[in-house]
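Notes for the one structure printed next.
The values are calculated or read from the model by the stated rules, or taken from the named source; none is laboratory data. Computed from a predicted structure; not experimentally measured. Cβ atoms come from the backbone with ideal geometry, glycine included; neighbour counts cover every protein chain shown. Ligands, DNA and RNA are stripped out before the accessible areas are found, and what is left, the full protein with its side chains, is counted by its heavy atoms. Shrake-Rupley method; radii C 1.70, N 1.55, O 1.52, S 1.80 Å.
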Amino acid sequence: MPTTIENWNPGKAENRHPEVTYEEKERLFLEVKNDIRFSDFLYGCYECGICVATCPSARFYDYSPRVIAQAMAREDVERVYDILAEDIWNCAQCFSCVRCPRQNNPGGLVTILREVSLKNGLQETKDALQGYSRVIYKVMLKGNQVSPDMLQPDFFPDWGPWVGEFSANMQIWRKAIPMDSIRGVTDAAWRVDRKTLLELYTIWFESGNMDIIKELDEALYDLLTEVMQEELEEG
């Protein structure tokens with residue numbers, strides 16, 4: 001029987017990713033553990049299940065903040081790698097899990113895990129975030145997140161059947177609810193002040209976010225860098 005959140009046995013971690021050496025898995029675990037925030041996010045697990053009961057992602061995915069806290073506390077290298085490769089992008093980052101009576105912060109642990117996966121260029125992370133590269137492009141160049149034509153099932157499969165229905169009927173809905181122009185009123189309504197965009201560019205460069213994007217999608221990094229540097233030089 002394949003291991004899931006419900007039947008996971010903490011004493012018997014399986015090697016579900018034999019293509020990755022144990023040494024590499026251990027290196028990634030230690031990178032997470034050595035993060036300065038780690039000791040503030042993990043104090044030990046009572047296994048009370050409060051974090052799972054409050055977690056919205058646990059209702060819809062094979063996901064458990066309790067398992068993340070347990071695997072980290074037990075230093076279960078194999079299970080932590082499974083979480084790194086399979087679970088971290090199921091977290092909504094709502095931090096409902098901080099209700100933990102031991103003051104654990106599974107959502108904070110996921111934040112560290114996500115950063116480590118991005119910095120190390122894990123293929124599973126690149127695959128999970130592929131559709132969102134267009135969102136990054138829109139945010140950085142236009143100041144908004146998603147335009148209607150971007151809502152395609154291939155880009156956002158985790159959004160469920162609604163996205164497929166929306167994309168299939170988008171032209172009909174546009175005719176039913178006519179707009180002055182997609183390039184006109186909509187663009188004007190979403191236009192962001194140039195000063196705000198320049199501040200956003202500066203923050204992304206100085207905070208290291210552009211380096212993370214480079215690990216995720218080098219072509220997107222090159223495109224953004226060219227446009228953003230040109231704007232900063234003119235600003």
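For the stretch 91-138, the alpha carbon positions stretch 39, 23, 13 Å along the principal axes, listed from largest to smallest. Counting only protein chain heavy atoms and rolling a 1.4 Å probe, the accessible areas of GLU230, GLU206, GLU31 rank, largest first, as GLU206, GLU230, GLU31. Largest to smallest in accessible area, the residues CYS45, CYS94, CYS100 fall in the order CYS94, CYS45, CYS100 (1.4 Å probe, all protein chains included).
Rounded, prolate or oblate: which fits the stretch 37-84 when a ≥ b ≥ c are the square roots of the eigenvalues of the alpha-carbon gyration tensor, with rounded for a/c under 1.5 and prolate only if a/b beats b/c? Oblate shape, in that a/c is at least 1.5 and b/c is the bigger or equal ratio.
When the charge dipole of the stretch 29-148 is built from unit charges on Cβ atoms (+1 for Lys and Arg, -1 for Asp and Glu) and taken about the Cα centre, the candidate among LEU30, LEU129, LEU113 whose Cα reaches farthest toward its positive end is LEU129.
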